[in-house]
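Heads up: the structure comes next, in structure tokens.
The values are calculated or read from the model by the stated rules, or taken from the named source; none is laboratory data. Bear in mind that the values here come from a model prediction, so they are computed numbers and not experimental data. Cβ sites come from the backbone with ideal geometry, for glycine too, and all protein chains shown count toward neighbours. Calculation scope for accessible area: heavy atoms of the full protein, side chains included, ligands and nucleic acids excluded. Shrake-Rupley method; radii C 1.70, N 1.55, O 1.52, S 1.80 Å.
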Amino acid sequence: MITPMRVFVLIFNARTENEGIHSIRVGDRNKILMFESEDDATRYALLLEAQDFASPTVEAVDAEEIKEFCESANYEWEIVPENGELAIPPETNVPETDWQPDAPKQNNDEESQRRNQAPEEQPEFSDSEIDRIRRKLEGLL
């Protein structure tokens, strides 16, 4: 029997009625990041906080549970390998989440999808500046 793979995800409002999982928008799809390393997930959470997000909680879960959730919600998923390249949150965030606690599971309304997409912007930092910021943040941990 294969041992279930434990991964770490970011949860907002953990253990409340308004609990939600962090996802990123890729084109017109949402993707959930599953971190192999708790430290990497924590670093990513700190980067989100630096972008004025609410503070997410790092939760350990079975990867299969997340995959099943993604299938039911029509989301994609990605495993962020331990000791891999540090994942960095996108520069732009959706102004409003498309998840509602009482909404139906799938919303194919094109207008609401357009409303929730962040406009594409040019990056305000060069790669060298991002590397410098990354080193500073890693030094904090």
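Going residue by residue through region 4-15, is there one that turns out to be aromatic (Phe, Trp, Tyr), at pLDDT 95 or above and over 20 Å from Ile130 (Cα atoms)? Yes, some residue in region 4-15 is aromatic (Phe, Trp, Tyr), at pLDDT 95 or above and over 20 Å from Ile130 (Cα atoms). Based on this model, can you work out whether Leu46 counts as open to solvent by 60 Å² or more (accessible area, probe 1.4 Å), under 19 Å from Glu138 (Cα atoms) and either modelled with pLDDT of 55 or more or part of a loop (DSSP other than H, G, I, E, B) (or both)? So Leu46 passes the test. Checked against the criteria, Ser55 counts as more than 16 Å from Val7 (Cβ to Cβ), open to solvent by 20 Å² or more (accessible area, probe 1.4 Å) and either modelled with pLDDT of 95 or more or not hydrophobic (A, V, I, L, M, F, W, C) (or both). From the list Asn83, Asn108, the lone residue that is modelled with pLDDT under 55, in a loop (DSSP other than H, G, I, E, B) and open to solvent by 50 Å² or more (accessible area, probe 1.4 Å) is Asn108.
Within region 1-35, which residues are in contact (Cβ under 8 Å) with a residue 24 or more places away in the chain, part of a loop (DSSP other than H, G, I, E, B) and open to solvent by less than 70 Å² (accessible area, probe 1.4 Å)? Result: Ala14, His22, Ser23.
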